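The values are calculated or read from the model by the stated rules, or taken from the named source; none is laboratory data. Keep in mind the model is a prediction, meaning the values are calculated, not measured. Because the Cβ atoms are built from the backbone with ideal geometry, glycine has one as well, and the counts that use them run over all protein chains shown. Surface areas here come from the heavy atoms of the whole protein model, side chains and all, with no ligands, DNA or RNA. Shrake-Rupley method; radii C 1.70, N 1.55, O 1.52, S 1.80 Å.
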Amino acid sequence: MKKTGIAVIGYGGMGNWHTRKIAGIEELELCGIYDISEDRCKVAAENGIYAYPTMDALLNDPRVELVTVAIPNQLHREACIQVMAAGKNVVCEKPVALNHKQLQDMIDASKQYGVLFTVHQNRRWDEDYRTVRHMYEKGTLGPVFRIESRVHGSRGIPGDWRNQPEYGGGMVLDWGVHLLDQIMQMIPNKLTSISATLSYVTNERCDDGFTVTLQFEKGPTVIVEVGTSNFINLPRWYMLGENGSAVIEHFAQDGKIVMVSDWEKRDAVPVVTAAGLTKTMAPRTKETIQEYPLPKQTADVRDFYRNVAKAIRGEEPQLITHAELMRVMLLMEAIFEAAEENKVITDFEDRVSEVIR
Ligand code: NAD
């Protein structure tokens, strides 16, 4: 098997991750990296990786068929188009761009230069997500009417550029792009309404968290939330079906399913609170519910690159498509609009059909 020669532009946190992953993928051969920072080039050399002296040197290397672009977000469009114009296939880091016009330019370039262009939506291979998706698709909980997907941290926005809008900072673009992509993959139904709030707890200029409510046609209500000032984390996933509920606490998939085992025994011992009593909110008695372990799924994120290598050779369609990327980009734009103008967006699908023809 001929290996696909690959180079990485940007050898920061994520560029380094890419080089380590690539080393374990037999379809790929790492040719080198390029970074504008001399320090990062030195680190690459210390790690036994060739550092191209210039971007042109990388682009002129005939061994390089595929380039991964892992630099700050506002530079993605220009760098990816430059790489495609040199006849190389591109994997761009997420968020692919700052708005849908930039993304359209990138898609157009891939058509113009006849090269593959895709985005590293690696969290499609998160095992917690695979498990939730499995339960949703199998109907494990019965018809699902609500899904909550959250990530919570407590250190604000990390790094030097992620907290500045000019660099494409903020949590909608940083984490939202992953969580929204997961939901759009899992739920094929039309999206009928979008509402959103953004938070600015640690940063006045850049969203450091958000809560989005998505309503799908004939489908679940979905809450997607990112917080960076949360000293107590809520579960990563919470899913409610008509026959039971599931919770996944962390990425490591600790959680459980609770299903009703006896619908007939509805009686409950009332809970007495300081100011009254309630049967409605009383817990079910033990004999009417059953706890099950999660149907834990596994995934190998290296399948992302395996697919890219095969797609370049025309052996498989590319997994992460332009239409999917555009849908998520338009969703993020709608979220900013909903939050900034305090309104509910109900024409999302019309917006999508206007852009994706
Ligand atoms: P970083 O700041 O750690 O690294 C960025 C690197 O790019 C730096 O070494 C910098 O010197 C270099 N750089 C800047 N401009 C350059 C240019 N014009 N040419 C070459 N090199 C240049 O940032 P990071 O955390 O590695 O993020 C990089 C990208 O990866 C971002 O788009 C980010 O959103 C994405 N990312 C994705 C994931 C994921 O899970 N998919 C995780 C983290 C970051």
Scan segment 166-175 and tell me whether some residue there is more than 14 Å from the ligand (Cβ to nearest atom), assigned to a loop (DSSP other than H, G, I, E, B) and either touching a helix residue (DSSP H, G or I) at 6+ places or on another chain (Cβ under 8 Å) or farther than 22 Å from Gln290 by Cα (or both).
no
When you scan segment 288-296, do you find a residue that is under 29 Å from Ser245 (Cβ atoms), aromatic (Phe, Trp, Tyr) and not in a loop (DSSP other than H, G, I, E, B), even just one?
yes
Please work out which residue is surrounded by the fewest Cβ atoms within 10 Å (Cβ to Cβ), limiting yourself to segment 312-329 and to residues that are outside any loop (DSSP other than H, G, I, E, B) and of a type in the set (D, E, K, R).
Glu324
Could you say whether any residue in segment 133-142 is small (Gly, Ala, Ser) and closer than 30 Å to Glu249 by Cβ?
yes
Looking at segment 328-347, I want the residues that are farther than 17 Å from Pro95 by Cβ and have a partner that is part of a helix (DSSP H, G or I) and open to solvent by 30 Å² or more (accessible area, probe 1.4 Å) with Cβ atoms under 8 Å, at least 6 apart or on another chain. Which pairs are those?
Lys343/Glu337; Ile345/Glu337
Scanning segment 1-10 residue by residue, those away from the ligand (no atom under 16 Å from the Cβ) and among the hydrophobic types (A, V, I, L, M, F, W, C) turn out to be Met1
If the requirement is being more than 23 Å from the chain's Cα centre (by Cα) and within 11 Å of the ligand (Cβ to nearest atom), which of these qualifies: Val91, Val43, Val96, Val64?
Val43
Just to be sure, is Pro295 farther than 28 Å from Val212 by Cα and at pLDDT 90 or above?
no
State all residues of segment 262-302 that are within 30 Å of Arg123 (Cα to Cα) and open to solvent by less than 60 Å² (accessible area, probe 1.4 Å); if no residue qualifies, say none.
Leu294, Pro295, Gln297, Ala299, Asp300, Val301
When Ser149 is run through (1) more than 10 Å from the chain's Cα centre (by Cα); (2) within 14 Å of the ligand (Cβ to nearest atom), the failure sits at (2)
Cβ-Cβ distance below 6 Å, separation of 6 or more or different chains: which pairs start in segment 11-37 with a residue that is within 7 Å of the ligand (Cβ to nearest atom) and end on one that is open to solvent by less than 40 Å² (accessible area, probe 1.4 Å) and assigned to a helix (DSSP H, G or I)?
Tyr11/Ala44; Tyr34/Met55; Tyr34/Leu58; Asp35/Cys41
Screening Thr298, Thr273 for residues that are out of contact with any Leu (no Cβ under 8 Å at 6 or more places or on another chain) and more than 23 Å from Trp237 (Cβ to Cβ) leaves only Thr273
Looking at (1) modelled with pLDDT of 95 or more; (2) more than 16 Å from the ligand (Cβ to nearest atom); (3) part of a loop (DSSP other than H, G, I, E, B), which is the only condition Val212 fails?
(3)
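Here is a yes/no grid of residues against (1) under 18 Å from Leu179 (Cα atoms); (2) open to solvent by less than 20 Å² (accessible area, probe 1.4 Å); (3) in a helix (DSSP H, G or I); (4) out of contact with any Lys or Arg (no Cβ under 7 Å at 6 or more places or on another chain):
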position	(1), (2), (3), (4)
Glu78	no, no, yes, yes
Ile81	no, no, yes, yes
Val91	no, yes, no, yes
Ile107	no, yes, yes, yes
Lys111	no, no, yes, yes
Asp128	yes, yes, yes, no
His134	yes, no, yes, yes
Is it the case that some residue within segment 339-351 is of a type in the set (A, V, I, L, M, F, W, C), open to solvent by less than 30 Å² (accessible area, probe 1.4 Å) and within 29 Å of Ile257 (Cβ to Cβ)?
no
